[in-house]
Amino acid sequence: MLLAFQFNAGPSSSDLYTAYQRFVIASSSLFLKVAVPTPLRRVFDYLSVVGTKAPVAGTRIRVPFGKRQVIGILLEITDSSTLPAKQLKPAIEYLDSEPLFSAELFKALLWASDYYQHPVGDTFATALPKLIRTGSPIKQPREIRYRALHPEQDLESRLARAPRQRELLETLTRRGPLSIAEIRQAGFDRALLRQLKDKGLTETSLADQSEEKPYPDAVVSASPIRPNPEQVMALTAIEPELGFRCSLLDGVTGSGKTEVYMQVMTKVLEAGKQCLLLVPEIGLTPQNLRRFEQRFNCPVVAMHSAMTDRERLLAWRATRSGCAPIVIGTRSAVFVPLANPGIIIIDEEHDASFKQQEGLRYSARDFAIKRAQLENIPVVLGSATPSLESLNNALAGKFQHLKLSQRAGLASAPKMSLIDMASDPVSEGISGALSVKIKKHLQQGNQVLLFINRRGYAPILQCDRCRWYCKCHHCNANMTVHANPPSLRCHHCEARTDIPSHCPNCKSDKISTLGAGTQKLEQFLSTEYRPFPVLRIDRDSTRGREAFAQLADKINQGEPSILLGTQMLAKGHHFPDVTLVAILDADIGLFSPDFRGQEQMIQTIVQVAGRAGRSSKVGEVVIQTRYAEHPGIASLMTQSYEHCAKALLTERKLSHMPPFSYLCLLRIESSVLQQGIRFARHCFGTALRLQQQVQQIELIGPLPAPMEKKAGRFRFQLHIKSASRPRLQRFLQQLAMKIEAGKTPSQVRWSMDVDAQDLL
Ligand code: ADP
Ligand code: ZN
Ligand code: ZN
């Protein structure tokens, strides 16, 4: 009405604008608080769009921002602004009529922004697929679909001489209404469809894909395995009807954790709700997907980094509308909207990949717990080697501690032994004793898995005369020698060079490689154990979308062979024909500068060992080390993971390290060394002054990072620790505000890493 009046009065656009602002102030309920994707830690105020109804929180909104237009998320509509209305600009457009998120997910994202001290606009941007961020509609646009019609009579005779039309009709009958794209995908063309239409055998409908194709009602498992008593206890404890509770499913490898997930999921699906399962690696997803697809009679939606933007958008829409009953994804899938959330499961919860190492440095596990609490649904953390954080929470009674102590079915625990490389000579990383075992297992028709956490050909290229060795110009690290194509590559940045023919220092041509990575071992093993094939599984051999799945298929054919791989092989795979597992060099993780080094080492050893003897065949695990007496390694031979982990917990308690304190790293990076040092000192000074006001905060720094230079940037850290999480939170928030209010030189970047996973 007001606007109509203004138009009648024929004001200029600037008059109109002023009048409009006055109207806004008068109606005093139309300030929009918008999360704009910028690195600034604040919310921006706008006036509502001229002539439209007020939008709802959680929708997208296009706003002017400096000279640009950006899409932000509307957080709140208020009746006041800290700025005078004159200084505010109106928003340009509302993109949605309904919120993108449920109220619970919306709250969880606001929590993440606060907890991780990350700008709220960028937090929302991180949680959304790119195409949603850039304005694609949240719902699948409606499209024409074709459905089969079956006349009462003479269908047979009418299609007697048209077998292709008949096939198309059968396809339409079987698969329900299809779009033209789907019809063509199934191998039929438009002409054929027209012929059917002309005969009155199809009808069209305009439909939203999701509305037309709900998933079938019968999603129940095909042939459920009978759970053993420990599984029954776990299943009873996880009861999805009971709402939020966090359970740690602490089960040795092969104990049937996945089976427990599937049986719980069955109950959730029967109640008409959705299941979200998070897994660590993209490599794991295809295998897992297949296992879940085989079990459940419903679509399984995957979410991982190898998907295209379009695929992500479709998956996001499907989870949001509720037509994806099962979602399996990696870290960022924890943000997918779910129409009917029923449970969140995190497999291999100890895995470091659940922590994002840049931007919003969130832990998908911790976010999942918060989200589940807000949604009032159960969350299950599964692992054979729980993180010390989760184990501690379970021991303290904060999580339900559910144990599966035995391997399920016919499999039994593998036999473990140590080989002391100090006394048994090693050739190309394989000791004499291990070589005998490898041959024995292969000749018995079984598979052997060799683990070495070092990809490439060799970790070092050096000059035999002057001991020069090749370092990366941009990082504090060696260049790794690669065989295919021959090159030197830095594993910490993109740097790549040719292999020099002469030492750049003394001009000698006697340069050689030191140590062995997977590529060199692959060469050696293929000749040493001919004719048995060697399958190398590392990041280089599994590039490309289907590469890992293809290698896994080959392994699962069961031919006697050697599987040689890195960390990728440690994760949750089920290779039933592997009977011997050897860790070629357990010492790599022994002297890590990181306080989590020991924890990660024992987790890796136990996980890799868990690949042995996963079916009826008896397994054997061999660990090669030069420090056979090291308590960390020796105790693993005779004691359980839990026993070793409890010993580490005691150490952490004595040294006040997480989980007995809360730790945040303030990370500072600069392309210019001096500026980095100066800024790190400035931050430390600011933190010291704040420390006077907030009690119980411990500060260490400023320190150069263990890897002082990475990708051309000098790196510094400030360690901020406290025994009280709320105090730490308060301190961090004030510190972030103070640093942001000051000047940050353009070469410098800083970020907060709350609950830092690694200190490198
Ligand atoms: P995890 O996830 O703990 O590694 P899985 O759930 O993959 O273990 O189970 C390992 C193997 O044991 C699978 O082949 C699975 O089908 C089988 N299994 C699980 N539970 C049972 C059971 N109760 N009885 C028989 N076999 C089982
Ligand atoms: Zn030299
Ligand atoms: Zn580098």
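The values are calculated or read from the model by the stated rules, or taken from the named source; none is laboratory data. All figures in this text were calculated on a predicted structure; none of them were measured in a lab. Here the Cβ is made from the backbone with ideal geometry for all residues, glycine too, and neighbour counts use every protein chain on show. Calculation scope for accessible area: heavy atoms of the full protein, side chains included, ligands and nucleic acids excluded. Shrake-Rupley method; radii C 1.70, N 1.55, O 1.52, S 1.80 Å.
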Q | Computed FRET value (nearest 0.05) for residue 311 with residue 205, which takes r as the C-beta separation and R₀ as 30 Å | A | 0.70
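In Å², what does the accessible area per residue of the chain work out to with a 1.4 Å probe?
Working: 34720 Å² over 760 residues.
About 46 Å² of surface per residue is accessible.
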Q | About the Cα centre, charge dipole magnitude for segment 229-404 (Lys/Arg +1, Asp/Glu -1 at Cβ), debye | A | 360
Q. Taking square-rooted eigenvalues a ≥ b ≥ c of the alpha carbon gyration tensor, is segment 532-593 rounded, prolate or oblate, where a/c under 1.5 means rounded and, failing that, a/b exceeding b/c means prolate?
A. oblate
**Q.** Percent carbon-and-sulfur accessible area, segment 458-515, ignoring ligands, DNA and RNA, probe 1.4 Å
**A.** 49
Q. So how far apart, in nm, are the two label points at residue 653 and residue 436 if each is 7 Å from Cα heading toward Cβ?
A. 4.4
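Quick check: at a probe of 1.4 Å, how many percent of the accessible area of segment 662-754 sits on carbon and sulfur atoms? Numbers along the way, then the final one.
On the way: 2270 of 4480 Å².
After summing per-atom areas, the C and S share lands at 51 percent.
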Q. Any idea what the dipole of segment 498-596 comes to, in debye rounded to 20, about its Cα centre with Lys/Arg Cβ at +1 and Asp/Glu Cβ at -1?
A. 180
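Of 257/646; 471/646; 139/554; 653/709; 257/415, which ones are farther than 28 Å apart at the Cα?
Exceeds cut-off: 471/646; 139/554; 653/709.
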Q: Just name one of 386, 233, 324: the one whose Cα is farthest towards the positive end of the charge dipole of segment 229-404 (beta-carbon charges, Lys/Arg +1, Asp/Glu -1).
A: 324
Q | Global geometry of the chain, whether rounded, prolate or oblate, following the gyration tensor of its Cα atoms and the 1.5 cut on a/c | A | oblate
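What's the carbon and sulfur percent of segment 229-404's accessible surface, probe 1.4 angstrom, rounded to a whole number?
Working: 2710 of 5440 Å².
Of the solvent-accessible surface of segment 229-404, carbon and sulfur hold 50 percent.
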Q. What are the residues whose amide H is under 5 Å from the amide H of residue 404, where those residues sit 5 or more places off or on another chain and H is modelled from the backbone?
A. 250, 251, 252
Q | Among 719, 684, 672 - extreme Cα towards positive end, dipole of segment 655-720, charges at beta-carbon | A | 672
Q.
Among 409, 82, 350, which residue has its Cα furthest toward the positive end of the charge dipole of the chain, with +1 on Lys/Arg Cβ and -1 on Asp/Glu Cβ?
A. 82
Q.
Using DSSP to call loops (not H, G, I, E or B), can you name the chymotrypsin sites (Phe, Trp or Tyr not before Pro) in segment 551-643 whose Cβ has at most 12 other Cβ atoms within 10 angstrom?
A. 591
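For the chain, what proportion of DSSP beta bridges, expressed in % and rounded to the nearest 5, is antiparallel? Could the numbers behind the result be given before it?
Values: 64 of 115 bridges.
Here the share of antiparallel DSSP bridges comes out near 55 percent.
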Q. How about segment 83-190: which GluC sites (Glu not before Pro) there are in a DSSP loop, with at most 14 other Cβ atoms within 10 Å of their Cβ?
A. 152
(Q) Taking the Cα centroid of segment 242-283 and of segment 494-569, what is the distance between the two, rounded to the nearest whole Å? (A) 35
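Just how large is the dipole of the chain about the Cα centre, in debye to the nearest 20, putting +1 at every Lys and Arg Cβ and -1 at every Asp and Glu Cβ?
Values: 95 positive and 72 negative charges, 330 e Å.
Rounded to the nearest 20 debye, it is 1580 debye.
Quick check: from the Cα gyration tensor, does segment 252-388 come out rounded (a/c under 1.5), prolate or oblate?
Judged from the Cα gyration tensor, segment 252-388 comes out rounded (a/c under 1.5).
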Q. Could you name the lysines in cross-link range of residue 53, using Cα to Cα under 19 Å and dropping any fewer than eight places away on the same chain?
A. 33, 89
(Q) I'd like the isolated cysteines in the chain, meaning no second cysteine's beta-carbon lies under 4.7 angstrom from theirs. (A) 246, 275, 298, 323, 470, 493, 644, 664, 683
